[in-house]
Amino acid sequence: MSIDLTVGARIRALRHDRGLSLETVATQSGLSIGFVSQVERGLSSPSLKVLTAIGDVLGVGLGGLFGPPPAEGTVVMRRAERPKLNLWRSGITKQLLSPAGDGGLSLFLVTLEPGASTGDEFYTHAGEEAGTVLEGGMALTVDAESWTLAAGDGFRFASRRPHRFANPSAESQAVVLWINCVIGR
């Protein structure tokens with residue numbers, strides 16, 4: 001099953017579990033009903049901004065959209081079992097390194113192809129995030145301040161602060177170990 005179908009099915013299941021209509025999710029996330037429906041059916045590859053907006057409405061972090069929560073007590077995520085979200089339009093791939101859940105802490109390996117970007121628009125979501133650039137470089141903007149990070153540089157900020165990121169290189173990819181923590185549930 002493609003990751004778009006998997007994520008879409010997970011969004012639909014979470015929406016049903018919470019007793020929310022398509023209209024409610026669409027309104028609260030600032031999206032159209034038709035678009036949310038397409039995402040749920042795996043017919044659209046949503047951006048990171050769209051997924052985080054839907055995740056906020058559903059009360060889960062991005063990691064919670066990769067699949068159902070693991071069995072109680074699950075501790076290990078094997079390399080062969082890692083779900084991967086390929087945001088091909090933006091050139092960003094997020095691979096979940098920790099067991100999926102309905103929130104809390106999620107660990108990702110984020111790969112940004114040369115020139116990849118979350119776009120010109122800022123986005124916000126619930127929680128906090130931190131990370132370390134493992135390879136290449138990354139441009140990070142939080143509020144009105146921008147930084148260029150190189151391998152070994154780290155960051156941390158509240159996810160409610162408007163942010164965006166990109167790989168400024170035209171030749172090499174960037175790899176970032178990224179942690180998202182949805183807090184305040």
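What percent does the relative contact order of segment 97-185 come to when contacts are Cα pairs within less than 8 Å and at least six residues apart?
Relative contact order here is 44 percent.
Treating the beta-carbon of each Lys and Arg as +1 and of each Asp and Glu as -1, no other charges, what is the dipole magnitude of the chain about its Cα centre, to the nearest 20 debye?
420 debye
Quick check on the chain: helices-only [θ] at 222 nm, where DSSP H runs of length 4 and up contribute -39,500 (n - 2.57) each and the sum goes over total residues. Nearest 500, please.
-7000 deg cm²/dmol
Mind running the shape call on the chain? Use the C-alpha gyration tensor, a ≥ b ≥ c as the square roots of the eigenvalues: rounded below 1.5 for a/c, prolate if a/b tops b/c, oblate otherwise.
prolate
Quick check: the distance between the Cα centres of segment 150-185 and segment 4-31, to the nearest angstrom?
Value for the Cα centre distance between the two parts: 26 Å.
How large is the Rg to Rh ratio of segment 34-115 when both quantities use alpha carbon positions and Rh follows Kirkwood?
Dividing the radius of gyration by the Kirkwood radius yields 0.97.
Once fully extended, how much extra length lies between LEU20 and ARG41, figured as 0.36 nm per residue of separation less the alpha-carbon to alpha-carbon distance?
5.9 nm
In percent, how large is the relative contact order of the chain, given Cα pairs closer than 8 Å and 6 or more residues apart?
20 percent
Along the charge dipole of segment 1-106, Cβ charges K/R +1 and D/E -1, which of GLY8, LEU97, GLY34 sits furthest on the positive end?
After comparing all options, I get LEU97.
Can you tally the net charge around GLY115? Count Lys and Arg as +1, Asp and Glu as -1, for every other residue whose Cβ sits under 13 Å from the Cβ of GLY115.
Neighbourhood net charge equals -1.
Give the span of segment 123-179's Cα atoms along each principal axis, as three whole-Å numbers ordered largest to smallest.
32, 20, 14 Å, listed from the longest principal axis down.
Are there any trypsin sites (Lys or Arg not before Pro) in segment 47-82 that are in a DSSP loop and have at most 13 other Cβ atoms within 10 Å? List them by number.
Filter output for segment 47-82: ARG78.
Could you calculate the contour length gain from SER146 to GLU171, that is, 0.36 nm times the residue separation minus the distance between their Cα atoms, to one decimal place in nm?
Extra length from SER146 to GLU171 when fully extended: 6.9 nm.
Counting other Cβ atoms within 10 Å, keep those with at most 11, restrict to DSSP loop, and tell me which GluC sites (Glu not before Pro) in segment 120-185 are left.
Within segment 120-185, the qualifying GluC sites (Glu not before Pro) (loop, at most 11 other Cβ atoms within 10 Å) are GLU121, GLU171.
Hydropathy first: keep DSSP H helices in the chain averaging at least -0.5 on Kyte-Doolittle, then drop any whose Cα extent along the axis falls short of 27 Å, and list what survives.
Passing helices, by number: none.
Which of the listed residues, TRP178, ASN167, THR148, is farthest toward the dipole's positive end in the chain, when Lys, Arg count +1 and Asp, Glu count -1 at the beta-carbon?
Most positive-ward Cα: TRP178.
Quick note: the coordinates plus some simple rules give every number you see, no bench work behind them. Keep in mind that what you see is a predicted model, and the values were worked out from it rather than measured. Positions of Cβ are backbone-derived with ideal geometry, glycine not excepted, and every protein chain shown enters the neighbour counts.
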